[in-house]
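Below you'll find the structure, written out as structure tokens, and then a few comments.
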Amino acid sequence: MPTAILILVLSASFVGVLAAPARGQESQRAIGPSVLDGVYTSAQARRGQEQFEQHCVSCHRQDLSGFSGPPLKGDRFLDQWREFPLDVLFNVMQSQMPLGNPSGLPPSTYLDLAAYILEANGLPPGGQELTSAVVAKVLLVGPGGPKPLPTSAPALIAGCLTKDSGNGWFLTNASDPVRTLNPFEFADAELAAASRLMSGRDLFRLQNIEDLPGATEAADRLVGQKVVAKGILVRHEKGNRLNVAALSAVGGACEP
């Protein structure tokens, strides 16, 4: 694995973003179909609604708006999970729910519940029921289709590391940010995928590097190199930035 700078930064904006999924999983996978393609049936969603009323209402309310548990529909819910493969959400549901009895329901019940949640978020039904095989292959997006990641999302970005004297570090010619479950370290497959990300025209300030002892010298050695950075995405009218948690070289010198 290429030498990586691992900077453990707990941003306040990161607290509560995820419901503690596994640390070793990769960034958003390159997959084709999405939940807009009709990946569940209306009959399956009705079964899911019945199960929801038995097991989930006390934490998430009848209308899925959330109570002691988070909301399961609406913009807040979608912004937390969209642009992830559907199995990221499904695995959290299956491993952590219901409260007091995690993984206590049959696998088919979790699939039915997922179908109901998709329906509640305005995502269309289709002719085939949602299965574990389908869950692993489709992207979760909102009714309007894929969108750029929102602020506070754990993200991975590839680009050219540039230093502006007195003004800090930046990623130039940066790729579009993609979701990551673990913003603190890289899996080998992530580094391989990052080297294939398309160069873009975006500019991201890399925040926090200069505040961490020893990190500036390591970053200086990567100036002018193709790198991949992970951290918390912050979108701002005065310029987008990434609160950096990990940085690694991925592909040699930047193109002139």
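Restricting to the range 51-77, and then to whatever is under 18 Å from L111 (Cβ atoms) and free of Cβ contacts under 8 Å to residues at least 40 places away in the same chain, can you tell me which residue is surrounded by the most Cβ atoms within 10 Å (Cβ to Cβ)? Checked the range 51-77; the qualifying residue surrounded by the most Cβ atoms within 10 Å (Cβ to Cβ) is H60. The single condition among (1) surrounded by fewer than 17 Cβ atoms within 10 Å (Cβ to Cβ); (2) free of Cβ contacts under 8 Å to residues at least 60 places away in the same chain; (3) of a type outside the set (V, I, T) that L197 does not meet is (1). Note on the range 222-232: among residues that are out of contact with any Leu (no Cβ under 6 Å at 6 or more places or on another chain) and closer than 19 Å to A155 by Cβ, the one that is surrounded by the fewest Cβ atoms within 10 Å (Cβ to Cβ) is K226. Taken over the range 222-239, residues that are free of Cβ contacts under 8 Å to residues at least 24 places away in the same chain and in contact with a Lys or Arg (Cβ under 6 Å, 6 or more places away or on another chain) amount to 0.
Within the range 192-232, the set of residues being more than 24 Å from P150 (Cα to Cα) and among the hydrophobic types (A, V, I, L, M, F, W, C) comprises A192, L212, A215, A218, A219, L222, V223. I want to confirm something. Restricting to the range 200-221 and keeping residues that are surrounded by fewer than 19 Cβ atoms within 10 Å (Cβ to Cβ) and touching a residue at least 60 places away in the same chain (Cβ under 8 Å), which single residue is nearest to G251 (Cα to Cα)? Checked the range 200-221; the qualifying residue nearest to G251 (Cα to Cα) is A218.
Any read-out appearing in this document is the output of simple, stated calculations on the displayed coordinates, not a laboratory observation. Quantities reported herein were computed from a predicted structural model and do not represent experimental measurements. For neighbour counting, all protein chains shown are included, and Cβ atoms are generated from backbone atoms with ideal geometry for every residue, glycine included.
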